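So the structure is just underneath, and the comments pick up after that.
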Amino acid sequence: MISIWLTVPFSSLLGWMYMSLDQVGESTSNPFEGGANDVPISQICREIEIELRSAMGEVDLPAPFLPRNGIAT
């Protein structure tokens, strides 16, 4: 008899878990779009470029990309 009363809460909890998992999957499906939680690929590439140019002895180095609104690009 008690299992009948627990069906609704456990089904709701299970549905909520699947919906949350789906939202996480959607937000991480393309990590290079430039969103707040994405990989800052442009900034990483610019840092590598600066390091390589300085290792080759160049003095005219490009400026690093700065975060906009607290988000790295």
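Details
- Selection of region 1-20 for residues being surrounded by 10 or more Cβ atoms within 10 Å (Cβ to Cβ) and small (Gly, Ala, Ser) yields Ser11, Ser12, Gly15, Ser20.
- Taken over region 45-73, the criterion of being assigned to a loop (DSSP other than H, G, I, E, B), of a type outside the set (Phe, Trp, Tyr) and closer than 18 Å to Gly34 by Cβ is satisfied by Pro64, Leu66, Pro67, Asn69, Gly70, Ala72, Thr73.
- Leading residue by the ranking (nearest to Pro62 (Cα to Cα)) among those in region 15-44 that are assigned to a helix (DSSP H, G or I) and hydroxyl-bearing (Ser, Thr, Tyr): Ser42
- Top-ranked residue in region 3-60 [being charged (D, E, K, R) and within 17 Å of Ala72 (Cα to Cα); ranked as modelled with the lowest pLDDT]: Glu33
The values are calculated or read from the model by the stated rules, or taken from the named source; none is laboratory data. Given the structure is predicted, the values throughout are model-derived calculations rather than measurements. Note that we place each Cβ from the backbone using ideal geometry, even for glycine, and neighbour counts take in every protein chain shown.
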